[in-house]
Each structure stands twice: as C-alpha cells, then as structure tokens.
Amino acid sequence: MSLSTNTAKESNLALCPKCHRLNKVTDDANQQNSIRCVRCHGRFYQRKPNSLQYTLAWNTVALIAFIPANLYPIMIIYSLGIGDPSTILSGIGQFVDQGLYPIAAIIFTASIIVPLLKIVGLYLLVYRAYTGVRLRPDKHSKFYHALEFLGPWSMLDVFVVALLVAVVELGFVTSVAAGPAINYFTLTVIFTMIAANSFDPRLLWDKKELKEKNGY
Ligand SMILES: [Zn+2]
C-alpha cells in the first residue's frame, strides 16, 4: 500500500469538521461513538453513522416529493377572474410561447435539471460507495462537492415564482397565485440538501482502501 492513499482513519486520526483540528482516535474498537475535539470540544464522528442508509432514505423522499411538484400547478394566472393553472413544464412552455427564453431556461435548469441531476447523482454515489464498482474516489469526491454546491440553487425557481407573483400582483386585470406544487418543490429541494449532507464522501476512500487491501 502506498503512503499517498493512506486515510486519516487508518492512522487513527479524525478531522474536526468545526475547527479542523486533527484528533487522535483512542477508542478504535467503537467507531460508532462520537469523538470530542480536544480544541473546540465539539462532538463529531470519524464517519457519519449509517451515512448511506440516511442518504438513500432522504433521496427517495425527495424523489417522491418531486412527483406532485410536477403534477400540481406551480402557479395560477388569473385573467379577468378566470384562473389558468400551470405546472412547471406547462409554465415553461408558456414562457417559450411568449418568447421569454431566458426565464424559460432558468426555470427549466433550476426546477428540472438540477433536482434530477442531484437525485440521480446521489443514488450513483451511494451505489459506488456501497459496491465499489468502477470507483474513482478523486473524481467522485469532486462530483459530490459539485452536487452539494448546486443544491441550494434549485431554490432559484421558488424565488422566480415569488417574484412573478409580486410583480404581476401589481396589475389590476391579471393576477398570479402560487400553486400547491411550490410546497412539494420546496420539500424536494430541502430533502435533497439533507440527503447530500448525510452522505459521507470519505466512505469512497474507505471502499478504495478495502478493495486494494483485499486485492479485488
Ligand atoms: Zn474542533
């Protein structure tokens, strides 16, 4: 085994996530126990316990919430008192029809591409960390941090709807109300953020070490 692939865990060390001090892990036998940082006294784990299970569970509820987020209307446009509900996709279609391509592109990216990319990406990471199939810890860690960074940007969609409601509300004849899908969409974003946060990217390195040690 080369020195460069040594993990802190193998050397009985653990990094405090709050103050970044390297702590010695004395109770090696019981790795499910939390460690108390010698500098900031914060409690943390060498590896997040049951990380893959939590990630899978949160990711699945995010995917479930994404279904009503797309089936229910996200906003209802009232014109002369008659309501015209539109879902995320039909709303995008309406913006395209009106030639508002930048808004259509922002909503499509923020409300369809980003959440789906994140959910599928997290499933992939859990699968790779669990099975070790075609595992590239360096690439997969970067992929994970990209997903983590991307997550909150989905809220852009909620802000676009909120902005639209506020702007159009000023008009007299036409008004816009947010539909029930906005709640499910917000839940999808929150659940994927928790799912990404539950995933411990260091498990990718553990799996690589394990594979190299066992020579498979
Ligand atoms: Zn600390």
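Some points to look at:
- Net dipole in debye of segment 173-216 [+1 Lys, Arg Cβ; -1 Asp, Glu Cβ; about Cα centre; nearest 20]: 140 debye
- Charge dipole (the chain, unit charges on Cβ, about Cα centre) - positive-most of L135, P115, T192: L135
- Considering segment 1-121 at the alpha-carbon level, its Rg and Dmax are found to be 24.0, 73 Å.
- By the beta-carbon count within 10 Å of each Cβ, the least crowded to most crowded order of S34, S198, fewest first, is S34, S198.
- Residues T131, T186, sorted so that the one with the fewest Cβ neighbours within 10 Å comes first: T131, T186
- Dmax and Rg, reported as Rg then Dmax, of segment 81-216 (C-alpha, Å): 19.9, 72
- Max mean-square fluctuation residue, GNM over the chain, Cα-Cα springs under 10 Å, options I82, I74, I190: I82
- Taken about its Cα centre, the chain carries a charge dipole of about 1260 debye when Lys and Arg each add +1 at the Cβ and Asp and Glu each add -1 at the Cβ.
- Panel order for K208, K24, by other beta carbons found within 10 Å of each beta carbon, from fewest to most: K24, K208.
Bear in mind these aren't lab numbers, they're just calculated from the coordinates by the rules spelled out. All figures in this text were calculated on a predicted structure; none of them were measured in a lab. Don't worry about glycine lacking a Cβ; one is built from the backbone with ideal geometry, like all the others, and counts go over all protein chains shown.
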